[in-house]
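Enquirer: Structure incoming, see below.
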Amino acid sequence: MAYSFFQIPAHGRSEASEALNKLLAGGRIASVRKEFVATGEQSFWAFCVEHLDRPVPASINQRGGSKAPKVDYKEVLSEAEFEVFSKLRDVRKALAEKEAVPAYAVFTNEQLAAIVRAKPATATALGKIEGVGAARVGKYGAAVLEVLQEAPAAEA
């Protein structure tokens, strides 16, 4: 793991905010901590980003966009699975807004689809899904498992 630190002025944009956005868009992020430092006119946001210590994959272009084709999960998942997937996206959006992070920092669409397919009933089972480690299970597991428990059982 590697750590990157950023100080983003509370007023206006800076090169640091663009560098932070680029890291978040192109890296494999383990955690993001942010704190507001109030110093009058010089107030700023301090960010500590823990990420995998390896280069950004070649599939990510300079602006952070992915060259891989987009997946239409409505076509890939069954109707019932897509309904649960949509509910999980809504929960992910609410969690991301609460923490002021991008939605993909909570879970990616690929991870949500894997969760829907695996139908984990416990935090341990949720943690076995690729990219869903102990930190994510601890922060978001209860909300995800609640959605999965409320989902109707799949027909055999």
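Derivation of every value follows stated rules applied to the coordinates shown; laboratory data play no part. Note that this is a predicted model, so its numbers are computed, not measured.
Enquirer: Over all directions, what mean area does the Cα convex hull of region 7-49 project, stated in square nanometres?
Expert: 2.9 nm²
Enquirer: Oh, and also: Kirkwood hydrodynamic radius (Cα pairs, Å) of region 73-150?
Expert: Here the Kirkwood hydrodynamic radius works out to 12.3 Å.
Enquirer: Here is a further query. By a straight-distance test (C-alpha under 18 Å), which aspartates and glutamates pair with K70 as possible cross-link partners, with residues fewer than eight away in the same chain excluded?
Expert: Leaving aside aspartates and glutamates fewer than 8 places away in the same chain, those within reach of K70 are E110.
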